[in-house]
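Student: One structure coming up, written as structure tokens, with questions to follow.
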Amino acid sequence: MRIFVTGGCGFIGSNFVRFLLREGKDVEVTNFDALTYAGNLENLAGVEEHPRYRFLKGSITDREAVDAALRTGFDIVYNFAAESHVDRSLYEPHVFLDTNVRGTAVLLEAALKAKVKRFVQISTDEVYGSLGSDGLFTETTPLKPSSPYSAAKAAADLWVLAYHHTFGADVVVTRSSNNYGPFQFPEKLVPLFISNAVDGNALPVYGDGRQVRDWLFVEDNCRAIELAGLRGRAGEVYNIGGRAERENLAVTKAILRAVGKPETLIQYVKDRPGHDRRYALDIAKIEGELGWKPAVAFEDGLKRTVEWYLGHREWWSRVKSGAYREYYAKHYGAAL
Ligand code: NAD
Ligand code: DAU
């Protein structure tokens, strides 16, 4: 089977590429990535020489590059490529529109032209908006995105699903909750707080820290995404969640315990504008149809993640230097 992965140098994409090649399946993987600030070839160290792996640098917004890359024929396209950080979408919303919406549209069109058999759009639970203290998002919950990031992801979902409805394109959409695990860029809560704690720096908790996310270990998501690509029904959406709702403060304290640092490092800072209060997913559909369920408990996944970051200080120190520092100063500067 010939697989085309976009955004394979980012967090989930690189875990997915490793997952496909590690499982010893009969797959060839082409990774097409623009290498933005979030894309890092080091995330695939050791994989580059794999005989069934190939890397192509390019943007999903570049019609010619995408056409050329897809020309050799593929069975499935998994579209991970995106601008993925909500906070950055406050500063540069149009980049999110361009990559997440136009890029997806260009890639889908090219995939259809190249007769790719299936297109899997990697999406997010954030497209549903925010929940109160009760209830779960199902796949039929109306979309009500809050940020430029989630609005762009929602638009891309609807675009892809419209191509199924109108043109019969074989597409599947996965909407997962918050992933955590190795190789996550340290701008997101879990790796930012682990790395800050290790360095004895403040952990900037937005608002009251009582927002709830449903945490999913990245390998569980990789398994679910692969299954959705292989056995999901065309035109369908699959929620992928960890059944591990936690308040941000609870996650923060668990990280401090795991790293062995005091809670005095917690620093409450101004809330994120438009901050969604709670996400939680109903995952009965993927459990019932595809037999998937999350396998890694949050406490185990967090322990593995903390151990990985402790063992890969060079990786995140390099990632946190350079351009990232400018973003950090702009975003947190006044408070920290
Ligand atoms: P990431 O920011 O770590 O990686 C994104 C990757 O996409 C990078 O390698 C980057 O270079 C690449 N990229 C960006 N623009 C591109 C372009 N125009 N053309 C080609 N490549 C481009 O993101 P992530 O956290 O791994 O998320 C991957 C996907 O999963 C995204 O679509 C995101 O919306 C979705 N998602 C993420 C989470 C999460 O918790 N991280 C949860 C649900 C859904
Ligand atoms: O739910 C899926 C989404 O999860 C994905 O679609 C996004 O790509 C991914 O980035 C993530 O979005 P969140 O905004 O939930 O993740 P983040 O790690 O940025 O924040 C998690 C929570 O922690 C959120 O309530 C905001 C809070 N937070 C985050 C940061 C970076 C803080 O309190 N302080 C921080 O410094």
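The values are calculated or read from the model by the stated rules, or taken from the named source; none is laboratory data. As the structure is a prediction and not an experimental result, all values here were calculated from the model. Cβ coordinates were reconstructed from backbone atoms using ideal geometry, including for glycine residues, and neighbour counts include every protein chain displayed. The area values use the complete protein model at the heavy-atom level, side chains included, leaving out ligands, DNA and RNA. Shrake-Rupley method; radii C 1.70, N 1.55, O 1.52, S 1.80 Å.
Student: For the list (1) closer than 26 Å to Lys144 by Cβ; (2) open to solvent by 50 Å² or more (accessible area, probe 1.4 Å); (3) among the hydroxyl-bearing types (Ser, Thr, Tyr), I need the number of the one condition that Tyr279 fails.
Tutor: The failed condition is (2).
Student: Same structure again: From the list Gly168, Gly207, which one is more than 15 Å from the chain's Cα centre (by Cα) and more than 12 Å from ligand 2 (Cβ to nearest atom)?
Tutor: Gly168 is the lone residue from the list that is more than 15 Å from the chain's Cα centre (by Cα) and more than 12 Å from ligand 2 (Cβ to nearest atom).
Student: Follow-up. When you scan segment 245-254, do you find a residue that is within 16 Å of ligand 1 (Cβ to nearest atom), within 19 Å of Arg304 (Cβ to Cβ) and of a type in the set (D, E, K, R), even just one?
Tutor: For segment 245-254, residues within 16 Å of ligand 1 (Cβ to nearest atom), within 19 Å of Arg304 (Cβ to Cβ) and of a type in the set (D, E, K, R): present.
Student: Those residues that are within 16 Å of ligand 2 (Cβ to nearest atom) and touching a Gly at 6+ places or on another chain (Cβ under 7 Å), I need them from segment 281-336; list them, please.
Tutor: Leu281, Ile283, Pro294, Phe298, Gly301, Thr305
Student: Select, from Ala234, Ala250, the only residue that is touching a residue at least 24 places away in the same chain (Cβ under 8 Å) and aliphatic (A, V, I, L, M).
Tutor: Details: Ala250 fails: touching a residue at least 24 places away in the same chain (Cβ under 8 Å).
Within the list Ala234, Ala250, the selection yields Ala234.
Student: Turning to a different aspect of this structure: Could you pull out the residue among Ser130, Ser146 that is within 15 Å of ligand 2 (Cβ to nearest atom), part of a loop (DSSP other than H, G, I, E, B), open to solvent by 10 Å² or more (accessible area, probe 1.4 Å) and out of contact with any helix residue (DSSP H, G or I) (no Cβ under 9 Å at 6 or more places or on another chain)?
Tutor: Among Ser130, Ser146, only Ser130 is within 15 Å of ligand 2 (Cβ to nearest atom), part of a loop (DSSP other than H, G, I, E, B), open to solvent by 10 Å² or more (accessible area, probe 1.4 Å) and out of contact with any helix residue (DSSP H, G or I) (no Cβ under 9 Å at 6 or more places or on another chain).
Student: A further question follows. Filter segment 36-56 for residues that are among the small types (Gly, Ala, Ser) and within 16 Å of ligand 2 (Cβ to nearest atom); which is nearest to Glu83 (Cα to Cα)?
Tutor: Here is the first cut: in segment 36-56, the residues among the small types (Gly, Ala, Ser) are 38-39, 45-46.
Remaining after also requiring within 16 Å of ligand 2 (Cβ to nearest atom): 38-39.
Working: Ala38: 8, Gly39: 10 Å.
Result: Ala38.
Student: Since Lys153 meets every condition but one in (1) more than 16 Å from ligand 2 (Cβ to nearest atom); (2) within 18 Å of Tyr128 (Cα to Cα), which condition does it not meet?
Tutor: Single failed check for Lys153: (1).
Student: Looking only at segment 15-40, count how many residues are more than 20 Å from Val66 (Cβ to Cβ), part of a helix (DSSP H, G or I) and within 16 Å of ligand 1 (Cβ to nearest atom).
Tutor: The total comes to 4.
Student: Which one is farthest from Phe167 (Cα to Cα), of the residues in segment 78-96 that are of a type in the set (A, V, I, L, M) and within 12 Å of ligand 1 (Cβ to nearest atom)?
Tutor: Let us first name the residues in segment 78-96 that are of a type in the set (A, V, I, L, M), namely 81-82, 86, 90, 95.
If we keep only those that are within 12 Å of ligand 1 (Cβ to nearest atom) too, we end up with 81-82, 86, 95.
Working: Ala81: 23, Ala82: 24, Val86: 32, Val95: 28 Å.
Filtering first and then ranking leaves Val86.
Student: Show the residue pairs meeting these rules: Cβ distance below 6 Å; 6+ apart or different chains; first residue within segment 259-277 and under 28 Å from Gly311 (Cα atoms); second residue assigned to a loop (DSSP other than H, G, I, E, B).
Tutor: Once the first residue is under 28 Å from Gly311 (Cα atoms) and sits in segment 259-277, its partners that are assigned to a loop (DSSP other than H, G, I, E, B) give Leu265/Ala202; Gln267/Ala202.
Student: Looking only at segment 288-316, how many residues end up being open to solvent by 50 Å² or more (accessible area, probe 1.4 Å) and not aliphatic (A, V, I, L, M)?
Tutor: 13
Student: I'd like to check something: does segment 151-167 contain any residue that is more than 16 Å from ligand 1 (Cβ to nearest atom), buried (at least 19 other Cβ atoms within 10 Å of the Cβ) and not charged (D, E, K, R)? First the steps, then the outcome.
Tutor: Residues of segment 151-167 that are more than 16 Å from ligand 1 (Cβ to nearest atom), as a first pass: 162-167.
Going one step further and asking which of them are buried (at least 19 other Cβ atoms within 10 Å of the Cβ), we end up with 163.
Right, trim to not charged (D, E, K, R) and you get 163.
Yes: one or more hits.
Student: Failed condition for Cys222, given (1) open to solvent by 10 Å² or more (accessible area, probe 1.4 Å); (2) within 16 Å of ligand 1 (Cβ to nearest atom), with all others met?
Tutor: With respect to (1) open to solvent by 10 Å² or more (accessible area, probe 1.4 Å); (2) within 16 Å of ligand 1 (Cβ to nearest atom), Cys222 is out only on (1).
Student: Pick from Ala156, Ala82, Ala114: which is within 20 Å of Ser59 (Cβ to Cβ) and in contact with a Leu (Cβ under 8 Å, 6 or more places away or on another chain)?
Tutor: Ala114
Student: I would also like to ask the following. What do you reckon, is Asp214 buried (at least 23 other Cβ atoms within 10 Å of the Cβ) and either touching a Cys at 6+ places or on another chain (Cβ under 9 Å) or charged (D, E, K, R) (or both)? Steps first, please.
Tutor: On the way: buried (at least 23 other Cβ atoms within 10 Å of the Cβ): yes; either touching a Cys at 6+ places or on another chain (Cβ under 9 Å) or charged (D, E, K, R) (or both): yes.
Answer is yes for this residue.
Student: One residue is enough: does segment 260-272 have a residue meeting the conditions buried (at least 19 other Cβ atoms within 10 Å of the Cβ) and within 12 Å of ligand 2 (Cβ to nearest atom)?
Tutor: Among the residues of segment 260-272, not one is buried (at least 19 other Cβ atoms within 10 Å of the Cβ) and within 12 Å of ligand 2 (Cβ to nearest atom), which makes the answer no.
Student: While we're here: Please identify the pairs in which a residue from segment 40-52 that is over 11 Å from Cys9 (Cβ atoms) has its Cβ atom under 7 Å from the Cβ atom of a residue that is away from ligand 2 (no atom under 16 Å from the Cβ) and open to solvent by less than 50 Å² (accessible area, probe 1.4 Å), counting only partners at least 6 apart or on another chain.
Tutor: His50/Leu21; Arg52/Leu21; Arg52/Val27; Arg52/Val29
Student: Right, here's the next one. Residues of segment 186-204 being open to solvent by 10 Å² or more (accessible area, probe 1.4 Å) and more than 9 Å from ligand 2 (Cβ to nearest atom), which ones?
Tutor: Selection gives Val198, Asp199, Gly200, Asn201, Ala202.
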